[in-house]
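> Handing you a structure now.
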Amino acid sequence: MGNEMFRYDSSMGELVFEYCKMRLALDPVSLDFVGNKAELDAALSGLVCPEGNDPGKVLEVFADHLAPAIISCDSPRFLAFIPAAPTRASMLFDMIVSCSSLQGSSWLEAAGAVAAENQALRVLADLAGMPPGAGGVFVSGGSAANLSALAVARDTGRRDWRGRRGRRRPRVAVSDQTHSSIGNALRLLDMAELVVPTQDHRLTGDELQRALAGDRHASDVVAVVATAGTTNAGIVDDLAGIAEVAGHRGLWFHVDAAYGGAALLAPSARPLFTGIERADSFVVDPHKWLFAPFDCAALIYRQPGLARQVHTQQAVIWRSFTPTGPGIRATTPFTSPAGPGAWPCGSRWLCTAPTPTAPRWRRCWPRPGTPPPSSRRPSTWNWCATRCCRSCCSGAPAGKRPTTTVGRPSC
Ligand SMILES: Cc1ncc(COP(=O)(O)O)c(C=O)c1O
């Protein structure tokens with residue numbers, strides 16, 4: 001690559017690898033300290049500058065000033081909040097992921113990553129006893145996962161009571177031990193809480209049933225959140241009892257097992273989780289108890305199609321996706337809009353074109369036949385055109401080749 005910025009600098013590489021090897025070999029990992037703002041500001045002062053910096057200096061600032069001001073959740077001396085326990089293997093593979101610029105947006109762009117993602121999700125779904133059709137997605141943490149699941153709960157519930165309940169906000173039954181991210185998600189989603197009183201902080205089916213029976217607006221409740229491993233005390237709610245009530249009342253049953261879900265693997269604790277297999281959605285955080293590095297939360301739905309309906313984004317650039325198959329991510333290559341098999345090279349990039357003879361940009365730009373000015377071209381246009389010409393068009397039967405080829409001279 002011509003640009004120096006993108007060239008591999010082996011001496012910089014050695015510096016970084018040496019640091020990584022030192023950090024990976026720490027035994028025990030040091031706890032480090034709470035930062036001092038004035039000292040951190042002084043260390044960072046002037047670092048972002050037009051002329052750039054010597055890599056050694058940047059690493060020095062990180063190693064000497066920033067890293068020690070980050071409490072190591074993987075230190076054996078970290079006894080606050082929720083610790084992390086990433087294995088050395090998981091951290092090493094995280095380096096490979098970074099060095100490979102991996103993303104897992106879709107099957108189209110990242111089938112290799114999505115296939116592995118689906119396999120890991122399947123293991124967790126099986127552990128919980130979810131049906132074969134269950135599937136989901138990894139997101140950045142339990143808070144994001146709870147928010148995503150509750151959006152689906154809300155919209156699925158809304159569909160059922162559209163027109164019936166006036167303009168009142170949908171509500172979700174929780175306990176006083178429900179994680180704060182649920183309250184936050186409900187606020188963001190314009191939903192309200194029904195806090196079910198509990199005797200000893202463990203939410204049971206009977207308590208839920210009683211609270212709903214005594215509530216004048218119980219019909220506004222569209223979902224219930226049970227916690228499998230509360231943050232304060234590790235309590236697992238009465239999942240089977242809550243599932244029963246949720247089933248009778250048609251409530252979305254969400255299980256927040258972000259913290260405790262890993263205990264599904266412990267035969268001694270597994271019976272506590274009976275009922276999780278009836279969840280509409282559940283969350284478990286591999287970055288907590290499942291030995292993965294930050295950030296990693298698994299979100300699994302009983303019926304991933306419901307989540308797909310709620311979270312699918314509509315945009316011209318996403319036309320090429322055909323979200324089919326198990327899991328939230330599409331697992332089958334997209335097909336030609338003209339129908340499966342109608343466009344033999346459509347198994348790759350050209351299927352983004354609305355018809356075999358209309359390359360993608362013609363649809364994106366309002367005046368068909370006129371290439372858009374470069375400032376208005378869709379960001380994927382060049383890439384798409386190049387790939388389709390290289391790997392597809394030349395192999396397509398003459399009558400099905402695009403009449404207008406745009407892009408690089410090789411096209
Ligand atoms: C029960 C529970 N749910 C959700 C979360 C939020 O997870 P995250 O910090 O990954 O967003 C936590 C975090 O401690 C938790 O204990």
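The values are calculated or read from the model by the stated rules, or taken from the named source; none is laboratory data. Given the structure is predicted, the values throughout are model-derived calculations rather than measurements. Because the Cβ atoms are built from the backbone with ideal geometry, glycine has one as well, and the counts that use them run over all protein chains shown.
> If Gln199 passes every condition in (1) polar (S, T, N, Q); (2) in contact with a Pro (Cβ under 9 Å, 6 or more places away or on another chain); (3) loosely packed, with under 14 Cβ neighbours inside 10 Å but one, which one does it miss?
(2)
> Within region 220-314, which strands (runs of 3 or more DSSP E) (wholly inside it) include 2 or more residues that are touching a residue at least 12 places away in the same chain (Cβ under 8 Å), within 23 Å of Glu117 (Cα to Cα) and within 12 Å of the ligand (Cβ to nearest atom)? Working first, answer last.
Working: elements: 221-227, 252-256, 281-284, 297-301.
Qualifying strands (runs of 3 or more DSSP E): 252-256, 281-284, 297-301.
> Among (1) modelled with pLDDT under 95; (2) out of contact with any helix residue (DSSP H, G or I) (no Cβ under 9 Å at 6 or more places or on another chain); (3) away from the ligand (no atom under 16 Å from the Cβ), which single condition is Ala80 missing?
Going through the list (1) modelled with pLDDT under 95; (2) out of contact with any helix residue (DSSP H, G or I) (no Cβ under 9 Å at 6 or more places or on another chain); (3) away from the ligand (no atom under 16 Å from the Cβ), Ala80 breaks only (3).
> Right, here's the next one. Within region 73-120, restricting attention to residues that are of a type in the set (Asp, Glu) and within 17 Å of Pro293 (Cα to Cα), which residue is nearest to the chain's Cα centre (by Cα)?
Within region 73-120, the first condition is being of a type in the set (Asp, Glu), and the residues that meet it are 74, 94, 109, 117.
Next, only the ones that are within 17 Å of Pro293 (Cα to Cα) stay: 74, 94, 117.
On the way: Asp74: 23, Asp94: 16, Glu117: 10 Å.
Among those residues, the one meeting the criterion is Glu117.
> Next question, about the same structure. Here is a list of conditions, (1) within 16 Å of the ligand (Cβ to nearest atom); (2) modelled with pLDDT of 95 or more, and Phe93 meets all of them except one; can you say which number that is?
(1)
> Inside region 256-295, can you point out the residues that are in contact with a Ser or Thr (Cβ under 6 Å, 6 or more places away or on another chain) and among the small types (Gly, Ala, Ser)?
Ala292
> A follow-up question, please. Are any residues in region 225-245 buried (at least 24 other Cβ atoms within 10 Å of the Cβ) and closer than 18 Å to Ala211 by Cβ, and if so, which ones?
Once the filter is applied, which keeps residues that are buried (at least 24 other Cβ atoms within 10 Å of the Cβ) and closer than 18 Å to Ala211 by Cβ, region 225-245 yields Val225, Ala226, Thr227, Asp237, Leu239, Ile242.
> Only one residue in Tyr19, Tyr8 is away from the ligand (no atom under 16 Å from the Cβ), farther than 28 Å from Ser140 by Cα and either free of Cβ contacts under 8 Å to residues at least 60 places away in the same chain or part of a helix (DSSP H, G or I) (or both). Which one? First the steps, then the outcome.
On the way: Tyr19 fails: farther than 28 Å from Ser140 by Cα.
Answer to the check: Tyr8.
> Right, here's the next one. Which of the residues that make up region 202-219 are surrounded by 13 or more Cβ atoms within 10 Å (Cβ to Cβ) and in a helix (DSSP H, G or I)?
Gly205, Asp206, Glu207, Leu208, Gln209, Arg210, Ala211, Leu212, Ala218, Ser219
> Among the residues of region 150-173, write down those that are within 16 Å of the ligand (Cβ to nearest atom), touching a helix residue (DSSP H, G or I) at 6+ places or on another chain (Cβ under 8 Å) and either modelled with pLDDT under 90 or in a helix (DSSP H, G or I) (or both).
Leu150, Ala151, listed by residue number.
> Follow-up. I need a count of the residues in region 1-59 that are surrounded by 10 or more Cβ atoms within 10 Å (Cβ to Cβ), more than 25 Å from Ile82 (Cα to Cα) and hydroxyl-bearing (Ser, Thr, Tyr).
Qualifying residue count for the region: 1.
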